[in-house]
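Below is a structure I'd like to ask you about.
The values are calculated or read from the model by the stated rules, or taken from the named source; none is laboratory data. In this text, all values refer to a predicted model and were calculated from it rather than measured experimentally. Every residue, glycine as well, gets a Cβ built from its backbone with ideal geometry; the counts of neighbours run over all protein chains shown.
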Amino acid sequence: MQLTLATMLTKRTNKNLQHAILTMLSLYLSFANSVYAASNVSTIWSIDYRFSTNLRDSDVEFSRFSITSETRFNLSRNWRIQLDARAEFSDDDVGLGTINGYSPLSRPLIDNKQTRLELDRAFIQWRKRAHSVTLGKQVTPWGVLDGVQITDRFDPVRRRDFIFTDVRPERIARWGARWRNKIGNFKLDTSFAFDGTITQQAQPGALFFTTSTRFTGGVDVTNTPVNLNSQNRNNSLAQSTFGARISHPLGQGDISFLGFRGPDTDPILGLADHQPIDEAIVVQTNYQRRTLYGAAYDVTLGETVLRTELAFIPDQPINIQWETPLQSADVRRLLVGFGIDWSAPEQWFINAQLAIDHIDAQEFDILRPDTDTIITLRAQRLFINGRLLFKAELLGTINQRDGVLRPELIYEYSDKLKLRSGIDWLFGDKNTQFGQFKDNSRLWFAATYTF
């Protein structure tokens, strides 16, 4: 199936595109006019198109066009408002990810399978020196490692593209309040999200729909007819996330301790209460609440930055193998991560990270290894007067011998236009977290115009 930007934007999609753009402009102009007299307004627009071809058969199997905007209203020295919107257009009905895990407040403004318009962020912030209060739709990034989630599990994330996102993890903003304060050398950061939105997954039939039994409760979804339903999400205290982090200088670095409680970033699966006769099994994904206690430390030593994180979850929900299928239990989980950034000679930048994820479930038969050992390696360098960036990345699970190799070239054609191309070559057993997608290894291209 050969697809191009021209074939993707058919008459139907063109109509949706016009509708989404008009909606974005209307929302922006109506709000801007109401506050323009008392503020300085700045807006950054970004237009992005990307597609990929399968390395095995050269078919184009992914195509997505998006328009994003980031608007800041500086009302005064201490007050500002930020509105971020995203309009996306896919070449098929499953390319934009699930939305049944969104709470009513966070649902897309427009959604008709191939077209979606979302309000990514919308908040008002008061800030004075080291004190700030933020109210609205926002994220809470707690963690010091680069894309490895040890303590950084406060927010839900987008998993529709697996881990192949420009920012990893790609957090989903939720409605809530955040208060940051400094008392002496102590920094206090508290956050409360009353929005029950949970992690976005790939839809069945999509390129990165999960099939490994470690993520499907032991069900072979490739050979078993299954209908997946998500637990209803709302804006209640029972589905909220709240927590606090306190930081303090230690030596030449900073140490922090944190704790929070809220829905897990990964689901457990269970059988629905009512099953149809002679039809596909109805399976419900549930994002149960759990508590995380953690600590992090990062320090800069000349050309090197060292980072480490530790997290303990005493009530981690997980699927187990039992007499009846799709059963779950709460177990103890320990995560440890180490990372190093090195500004090497000849303008090279090296990042290496090691993470250990251990499940203490001796009384249960679990669907994943007791201990996963994860490694990430990245090397990058600028060429052609800083306009061409070469980047190569290896991510993998040592104990399961699976992973992905990702070479990439980024060319800054101008201050506004950026061209990118790369390969995602996946390997490993078909039932591992990386190997499940090895048939989807791909060559991809992207063009981004920002103004």
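Restricting attention to the range 345-372, which residues are closer than 30 Å to Leu388 by Cβ and among the charged types (D, E, K, R)?
Residue satisfying the conditions is Glu346 alone.
Listed here are the residues, each with its yes/no results for (1) within 29 Å of Thr210 (Cβ to Cβ); (2) in contact (Cβ under 8 Å) with a residue 60 or more places away in the chain; (3) in contact with a Cys (Cβ under 9 Å, 6 or more places away or on another chain).
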residue: Asn385; (1), (2), (3): no, no, no
residue: Arg401; (1), (2), (3): yes, no, no
residue: Pro407; (1), (2), (3): yes, no, no
residue: Ile423; (1), (2), (3): yes, yes, no
residue: Phe437; (1), (2), (3): yes, yes, no
residue: Ala446; (1), (2), (3): yes, yes, no
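Just one of the numbered conditions (1) surrounded by fewer than 21 Cβ atoms within 10 Å (Cβ to Cβ); (2) out of contact with any helix residue (DSSP H, G or I) (no Cβ under 9 Å at 6 or more places or on another chain); (3) over 19 Å from Thr68 (Cα atoms); (4) not acidic (Asp, Glu) is not true of Ser103; which one?
Failing condition for Ser103: (2).
Mind listing whichever residues of the range 184-223 are at pLDDT below 95 and outside any loop (DSSP other than H, G, I, E, B)?
Gln200 - this is the single residue of the range 184-223 that is at pLDDT below 95 and outside any loop (DSSP other than H, G, I, E, B).
Any residue in the range 92-111 that's closer than 24 Å to Phe194 by Cβ: show its pairings with residues that are hydrophobic (A, V, I, L, M, F, W, C) and part of a loop (DSSP other than H, G, I, E, B) at Cβ separation under 7 Å, as long as the two are six or more apart or on different chains.
Matching pairs, first to second residue: Gly97/Ala202; Gly101/Ile198; Arg107/Ile99; Pro108/Ile99; Asp111/Ile99.
Residues checked against (1) among the charged types (D, E, K, R); (2) without any contact (Cβ under 8 Å) to a residue 12 or more places away in the chain; (3) farther than 27 Å from Pro407 by Cα:
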{"residue": "Leu269", "(1), (2), (3)": "no, no, yes"}
{"residue": "His274", "(1), (2), (3)": "no, yes, yes"}
{"residue": "Asp278", "(1), (2), (3)": "yes, yes, yes"}
{"residue": "Thr291", "(1), (2), (3)": "no, no, yes"}
{"residue": "Phe312", "(1), (2), (3)": "no, no, yes"}
{"residue": "Phe338", "(1), (2), (3)": "no, no, no"}
{"residue": "Leu367", "(1), (2), (3)": "no, no, yes"}
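Any idea how many residues of the range 355-381 are within 24 Å of Arg307 (Cα to Cα), surrounded by fewer than 18 Cβ atoms within 10 Å (Cβ to Cβ) and not basic (Lys, Arg)? So that I can check it myself, show each step before the final result.
Keep residues of the range 355-381 that are within 24 Å of Arg307 (Cα to Cα), which gives 355-359, 371-381.
The next check asks that each one be surrounded by fewer than 18 Cβ atoms within 10 Å (Cβ to Cβ); those that pass are 356, 358, 371, 373, 375, 377, 379-381.
Filter once more, so that each one left must be not basic (Lys, Arg): 356, 358, 371, 373, 375, 377, 379-380.
So the count comes out to 8.
Here's something else I'd like to know. Which ranges mark the strands (runs of 3 or more DSSP E) fully within the range 280-359 that have 1 or more residues being modelled with pLDDT of 95 or more and over 20 Å from the mean Cα position of the chain (by Cα)?
289-301, 304-321, 327-343
How many residues does the range 173-208 contain that are out of contact with any strand residue (DSSP E or B) (no Cβ under 6 Å at 6 or more places or on another chain) and touching a residue at least 60 places away in the same chain (Cβ under 8 Å)? Quick ask: steps written out before the conclusion?
Let us first name the residues in the range 173-208 that are out of contact with any strand residue (DSSP E or B) (no Cβ under 6 Å at 6 or more places or on another chain), namely 182-184, 196, 201-206, 208.
After this cut, where a residue has to be touching a residue at least 60 places away in the same chain (Cβ under 8 Å) as well, the list is 196, 201-206, 208.
Residues flagged as out of contact with any strand residue (DSSP E or B) (no Cβ under 6 Å at 6 or more places or on another chain) and touching a residue at least 60 places away in the same chain (Cβ under 8 Å) within the range 173-208 amount to 8.
Report yes if Asp357 is among the charged types (D, E, K, R) and either within 14 Å of Val144 (Cβ to Cβ) or touching a strand residue (DSSP E or B) at 6+ places or on another chain (Cβ under 6 Å) (or both), otherwise no.
Considered against the rule, which asks whether it is among the charged types (D, E, K, R) and either within 14 Å of Val144 (Cβ to Cβ) or touching a strand residue (DSSP E or B) at 6+ places or on another chain (Cβ under 6 Å) (or both), Asp357 comes out as yes.
Which members of the range 237-258 meet the condition of being surrounded by fewer than 16 Cβ atoms within 10 Å (Cβ to Cβ) and either modelled with pLDDT under 95 or not in a strand (DSSP E or B) (or both)?
Residues satisfying the conditions are Leu237, Ala238, Gly251, Gln252.
Return yes or no: is Asp424 assigned to a strand (DSSP E or B), closer than 24 Å to Thr216 by Cα and of a type outside the set (S, T, N, Q)? Quick ask: steps written out before the conclusion?
Values: assigned to a strand (DSSP E or B): yes; closer than 24 Å to Thr216 by Cα: yes; of a type outside the set (S, T, N, Q): yes.
Against the criterion (assigned to a strand (DSSP E or B), closer than 24 Å to Thr216 by Cα and of a type outside the set (S, T, N, Q)), Asp424 qualifies.
For the range 70-93, state whether one or more residues are of a type in the set (Val, Ile, Thr) and within 20 Å of the chain's Cα centre (by Cα). Even if it seems obvious, please write down each step before you answer.
Our first condition is that a residue be of a type in the set (Val, Ile, Thr); within the range 70-93, this holds for 71, 81.
Add one more test, that the residue is within 20 Å of the chain's Cα centre (by Cα), and what stays is none.
No - not one qualifying residue is present in the range 70-93.
Out of the residues in the range 281-306 that are charged (D, E, K, R) and exposed (fewer than 15 other Cβ atoms within 10 Å of the Cβ), state the one that is nearest to Phe260 (Cα to Cα).
Arg289
Which of the residues belonging to the range 139-179 are over 22 Å from Thr397 (Cβ atoms), of a type in the set (Phe, Trp, Tyr) and in contact with a helix residue (DSSP H, G or I) (Cβ under 7 Å, 6 or more places away or on another chain)?
Within the range 139-179, just Trp175 meets the criteria.
With respect to Gly396, is the statement that it is touching a residue at least 24 places away in the same chain (Cβ under 8 Å) and in contact with an Asp or Glu (Cβ under 9 Å, 6 or more places away or on another chain) true? If you could, list the steps in order and put the result at the bottom.
On the way: touching a residue at least 24 places away in the same chain (Cβ under 8 Å): yes; in contact with an Asp or Glu (Cβ under 9 Å, 6 or more places away or on another chain): yes.
Judged against the criteria, Gly396 is a match.
Considering only the range 128-139, I want to know if a residue exists there that is surrounded by fewer than 22 Cβ atoms within 10 Å (Cβ to Cβ), in contact with an Asp or Glu (Cβ under 9 Å, 6 or more places away or on another chain), at pLDDT 95 or above and basic (Lys, Arg).
No, the range 128-139 has no match at all.
Pick out the one residue from Arg233, Arg261 that is touching a residue at least 12 places away in the same chain (Cβ under 8 Å) and either crowded, with 18+ Cβ neighbours inside 10 Å or assigned to a loop (DSSP other than H, G, I, E, B) (or both).
Residue meeting the stated conditions: Arg233.
Going by the conditions given, is Gly205 surrounded by fewer than 21 Cβ atoms within 10 Å (Cβ to Cβ), out of contact with any Ser or Thr (no Cβ under 6 Å at 6 or more places or on another chain) and closer than 19 Å to Gln321 by Cα?
Details: surrounded by fewer than 21 Cβ atoms within 10 Å (Cβ to Cβ): yes; out of contact with any Ser or Thr (no Cβ under 6 Å at 6 or more places or on another chain): yes; closer than 19 Å to Gln321 by Cα: no.
In short, no.
Being over 21 Å from Ser103 (Cβ atoms) and of a type in the set (Val, Ile, Thr) is the filter here, so list the residues in the range 251-290 that pass it.
Those that are over 21 Å from Ser103 (Cβ atoms) and of a type in the set (Val, Ile, Thr): Ile255, Ile277, Ile281, Val282, Val283.
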